[in-house]
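The values are calculated or read from the model by the stated rules, or taken from the named source; none is laboratory data. Every value quoted in this text rests on a predicted model; they were computed, and no experiment measured them. Because the Cβ atoms are built from the backbone with ideal geometry, glycine has one as well, and the counts that use them run over all protein chains shown. With ligands, DNA and RNA removed, areas are computed over all heavy atoms of the protein, side chains included. Shrake-Rupley method; radii C 1.70, N 1.55, O 1.52, S 1.80 Å.
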Amino acid sequence: MAKAAAPEKPRLQKHYDEQIVPELKKQLGRTNPYSLPRLEKIVVSMGVSSSVTDKKFMEEADGARRIITRETPGRRKARKSVAAFRVREGMALGAKVTLRGRRMYEFLDRLISLALPRVRDFRGLKPNAFDGNGNYSLGLNEQLVFPELNPDKYTRVQGMNIAICCSTKSNDEARDLLKSFGVPFQREGSAA
């Protein structure tokens with residue numbers, strides 16, 4: 001019985017192992033590869049406030065998120081009832097997906113090379129949107145920048161938040177890591 005061949009590493013993961021790690025070792029002066037910054041996870045979340053009035057909006061958003069991330073999203077429910085917004089405790093208002101490993105690198109590759117260039121009037125990501133612990137957050141106004149979504153099927157504009165979590169606690173090290181992956185940051189001094 002022949003053993004199945006291991007799937008090939010994603011392009012960005014191979015790039016990290018072969019090119020980024022040696023660069024970071026030289027740049028940071030460290031020899032231990034486990035002390036170098038690396039991606040830990042990417043969290044894609046979406047708030048669907050319109051699901052208060054109609055449940056089909058949540059189903060549509062879940063379907064889009066499932067196609068984009070290739071993972072089943074986990075629903076997030078309201079913790080409190082708020083009468084002014086017609087929200088009851090336990091009502092599904094959003095969903096999130098946490099990507100790690102192979103799917104994380106594949107998603108980041110599609111985000112950098114396909115989705116961000118399709119954003120209207122895109123001039124680069126803000127280089128200072130780090131949280132102080134080496135994690136980067138960005139928001140997309142519409143999900144249709146991902147080419148795998150059919151614009152005829154998903155007619156409702158829905159935004160999403162993407163958090164890229166790194167193993168380092170330094171914003172500068174995380175910024176250098178993301179730049180080496182090819183994340184398009186704005187140039188210093190350019191207006192947003």
Long-range neighbours under 7 Å by Cβ, at least six apart or interchain, first residue under 22 Å from ARG11 (Cα atoms) and part of a helix (DSSP H, G or I) within region 105-129, second open to solvent by 40 Å² or more (accessible area, probe 1.4 Å) and of a type in the set (S, T, N, Q) = TYR105/GLN13
message = If I go through region 16-40 residue by residue, how many of them are closer than 14 Å to MET104 by Cα, open to solvent by less than 60 Å² (accessible area, probe 1.4 Å) and not aromatic (Phe, Trp, Tyr)?
response = 1
key: Residue that is farthest from LEU177 (Cα to Cα), among those in region 113-133 that are touching a Leu at 6+ places or on another chain (Cβ under 8 Å) and open to solvent by less than 40 Å² (accessible area, probe 1.4 Å)   = ALA115
message = Within region 135-171, take every residue that is over 13 Å from the mean Cα position of the chain (by Cα) and at pLDDT 85 or above and give me the one that is nearest to PRO184 (Cα to Cα).
response = ASN171
query = If you check every pair at least six apart or on different chains, which have Cβ atoms under 7 Å apart with a residue in region 161-179 that is without any contact (Cβ under 8 Å) to a residue 40 or more places away in the chain first and a residue that is surrounded by 17 or more Cβ atoms within 10 Å (Cβ to Cβ) second?
reply = LYS169/GLY134
query = Is it the case that ARG86 is among the basic types (Lys, Arg), modelled with pLDDT of 65 or more, out of contact with any strand residue (DSSP E or B) (no Cβ under 6 Å at 6 or more places or on another chain) and under 21 Å from ASN150 (Cβ atoms)?
reply = no
request  = Please state which one of SER45, SER50, SER81 is modelled with pLDDT under 80 and in contact with a Lys or Arg (Cβ under 6 Å, 6 or more places away or on another chain).
outcome  = SER81
task = Report, by residue number, each residue of region 145-181 that is crowded, with 19+ Cβ neighbours inside 10 Å and farther than 19 Å from LEU116 by Cβ.
result = THR168, ASN171
